[in-house]
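First up is the structure itself, then whatever we jot down about it.
The values are calculated or read from the model by the stated rules, or taken from the named source; none is laboratory data. Here the structure is a predicted model, which is why all the values come from computation and not from measurement. When we count neighbours, we look across all protein chains shown, and the Cβ atoms used for this are built from the backbone with ideal geometry, even at glycine.
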Amino acid sequence: MESRGCRNAQDLVKDIRSGMTDQELMKKYNVSFEKLHQTFEKLMKRKAIAPGQLYGRQSFFPQTVAVEFDAVCKWAARDSTGAAIAGFRMTNITKESLEKLNKLIDALSFGA
């Protein structure tokens with residue numbers, strides 16, 4: 001995709017905004033699932049597209065994100081519905097897990 005230049009990047013952004021699925025984009029641009037995800041990352045870094053515009057895409061939002069860390073509970077309570085809520089302070093996290101967590105938080109902020 002990159003080798004075809006800026007024109008294809010502009011077309012890709014239009015196609016994403018038009019609602020094309022990952023599968024349709026992969027077929028149209030003849031790229032793998034991994035390459036599509038890498039291209040989404042590049043488009044976001046260049047501010048050509050906001051993270052919120054990629055919400056719901058399989059290639060950008062995996063079903064689960066494994067993040068491991070140690071934490072200390074700082075408070076616990078019940079909300080108005082009676083559900084338990086709590087706040088924690090992280091005491092240790094690996095560099096890899098921190099990167100995953102930051103990426104998830106950025107993605108969920110929808111470019112706000």
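May I ask you to say which residue of Thr94, Thr21, Thr81 is modelled with pLDDT of 90 or more, surrounded by 11 or more Cβ atoms within 10 Å (Cβ to Cβ) and out of contact with any strand residue (DSSP E or B) (no Cβ under 6 Å at 6 or more places or on another chain)? Write out each step before concluding.
Values: Thr21 fails: modelled with pLDDT of 90 or more; Thr81 fails: surrounded by 11 or more Cβ atoms within 10 Å (Cβ to Cβ).
That would be Thr94, the only listed residue that is modelled with pLDDT of 90 or more, surrounded by 11 or more Cβ atoms within 10 Å (Cβ to Cβ) and out of contact with any strand residue (DSSP E or B) (no Cβ under 6 Å at 6 or more places or on another chain).
Regarding Glu68, is this residue at pLDDT 90 or above and closer than 21 Å to Asp106 by Cβ? Outline the logic, then answer.
Working: at pLDDT 90 or above: yes; closer than 21 Å to Asp106 by Cβ: yes.
Yes; evaluated as a whole, the condition is true for this residue.
Considering the range 71-86 alone, what residues qualify as being within 30 Å of the chain's Cα centre (by Cα) and over 26 Å from Leu98 (Cα atoms)?
If the condition is that a residue be within 30 Å of the chain's Cα centre (by Cα) and over 26 Å from Leu98 (Cα atoms), then Asp79, Ala83 are the ones that fit.
Kindly evaluate Lys45 against the criterion of being modelled with pLDDT under 90 and surrounded by 10 or more Cβ atoms within 10 Å (Cβ to Cβ).
Answer is no for this residue.
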